[in-house]
Amino acid sequence: MEKEYDVFATGNALMDLILDSDGSHIDMLKMHKGGIIFLDDENAKVTIPRILDENPAILPGGAAANVISMLAHLGSKTFFSGKVGSDYLGTQYKSMLEKEGTKTSIAIDEVHTGTAITIITPDRERSFAVYLGSAPRISKDDIDFDSIIKSKIVHIEGFQFYDKNLRNLMIEIAKTAKKNDCLISFDLSSFDLVKQYKKEVEEFIVEYVDVLFANEIESESFTGKNPDESVEMLSKLADVAIVKIGEEGSLIKSKGEFYKIKSHPVEVVDTNGAGDAYAGAFLHAYIQDKPILECGNLASYAASKVVSIKGARLQTSLKQEILSILN
């Protein structure tokens, strides 16, 4: 079958509230730096207005949608399924994705659009307080399975594994993808997730995943090893294993070959979305059968452009500039 889309993705559709902080907000929210907490309805009603009073930057986010955004900026044909509220933020979320060139199947819910409070400390580390809102209420009926079948790659974010119903939905999506000759890429997403659901995550990777993304902390939580040893272990679970190590670049192991990818030094403004940009650019090159080294170099360069701005996505197209790094 001729594939209509390069990459299909589904995940939490969240609007980001991005706030620079001296660390006091982390204490206020009783969280640990670099981690993630989830707000229930009651806490969200108190916390979100308090953060909004401090004039945060408001930008679209959600890990899988960020990956799709980078792919769309680079010219890939993309599709995203998600769920938002019947509110202004939900309308804006859908509109912004479509303006970037992504086709969507966005379900509407009576619960408010999900929100991710992103706290950036002076060391440029980011911590998250997430109100999922309507996002995890997505169901099988909200997913455009036709578009999965028509896609070359299906990308899934690890965040979906926090919820048992979503985890089961991701397994059903993965089964559909595999039956229809789609590759599956998967991002570990959070070291907290790896600690809590290692067994479930590992079973999913072994059964379905072709391209596996992790950062240094996530890979250590998963394997108990340093990055070099981690990428070796992860490569036994997926065809392509990638461990991102921040300013030191990234490590890739594929088909027995090891690659060390250099970073592209920039003045870091906000690390939020760097890993998603990396994944999006890597998949853009990978789907074109570019050599792994070129995929990694493009991914590293794209990530450097995102960390040099506030927010998890490019706000203007840098397609030609980023693609110029490909041979």
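Numbers at a glance
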read-out: Failed item in (1) modelled with pLDDT of 85 or more; (2) under 11 Å from Ile119 (Cα atoms); (3) out of contact with any Gly (no Cβ under 7 Å at 6 or more places or on another chain), with Ile18 passing the rest; value: (3)
read-out: Test result for Ile148, in contact with a Ser or Thr (Cβ under 6 Å, 6 or more places away or on another chain), touching a residue at least 12 places away in the same chain (Cβ under 8 Å) and of a type in the set (Val, Ile, Thr); value: yes
read-out: Lone qualifier among Glu229, Glu203 - being without any contact (Cβ under 8 Å) to a residue 12 or more places away in the chain and either crowded, with 22+ Cβ neighbours inside 10 Å or within 24 Å of Phe38 (Cβ to Cβ) (or both); value: Glu203
read-out: Residue ranges of helices (runs of 4 or more DSSP H) in segment 17-84 with at least 1 members crowded, with 24+ Cβ neighbours inside 10 Å; value: 63-73
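The values are calculated or read from the model by the stated rules, or taken from the named source; none is laboratory data. Quick caveat, the model's predicted, so the values are computed rather than measured. Backbone-built Cβ (ideal geometry, glycine too); neighbour counts: all protein chains shown.
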